[in-house]
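Down below is the structure, laid out as structure tokens.
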């Protein structure tokens with residue numbers, strides 16, 4: 001039993017050393033900047049932004065409608081951030097004198 005405990009302690013120590021050696025992850029802002037153009041080029045995508053998914057930063061992709069083709073085109077994660085597809089419909093600017 002002492003051998004198993006020692007092995008676990010050594011393994012945990014190695015994992016901590018390896019985890020600290022990995023450079024900091026890309027920020028959500030950097031990930032958005034990197035991927036916005038490619039996401040916006042997908043037919044049916046009308047917006048890309050930052051949001052929260054399960055209380056963690058994620059990339060939100062706004063689409064006119066959710067189709068199998070769009071779901072295949074948009075990855076589940078980008079640079080370690082989950083990607084959520086949200087149906088927003090078409091987004092249009094209001095005329096300047098609409099108020």
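Data overview
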item: Failed item in (1) at pLDDT 85 or above; (2) part of a helix (DSSP H, G or I); (3) out of contact with any strand residue (DSSP E or B) (no Cβ under 8 Å at 6 or more places or on another chain), with residue 18 passing the rest; result: (1)
item: Some residue of the stretch 47-64 being part of a helix (DSSP H, G or I) and modelled with pLDDT under 95; result: no
item: Residue 43 vs. criteria at pLDDT 95 or above and part of a loop (DSSP other than H, G, I, E, B); result: yes
item: Enumeration of residues in the stretch 44-61 that are within 11 Å of residue 83 (Cα to Cα) and touching a helix residue (DSSP H, G or I) at 6+ places or on another chain (Cβ under 7 Å); result: 48, 50, 57, 59, 61
item: Of all residues in the stretch 65-82 being assigned to a loop (DSSP other than H, G, I, E, B) and touching a residue at least 40 places away in the same chain (Cβ under 8 Å), the one that is surrounded by the fewest Cβ atoms within 10 Å (Cβ to Cβ); result: 80
item: The stretch 29-43 - residue that is out of contact with any strand residue (DSSP E or B) (no Cβ under 7 Å at 6 or more places or on another chain) and surrounded by 10 or more Cβ atoms within 10 Å (Cβ to Cβ) and, of those, farthest from residue 81 (Cα to Cα); result: 43
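The values are calculated or read from the model by the stated rules, or taken from the named source; none is laboratory data. Model, not experiment: these values are computed from the prediction. Glycine gets a Cβ as well: all are built from the backbone with ideal geometry, and neighbour counts include every protein chain shown.
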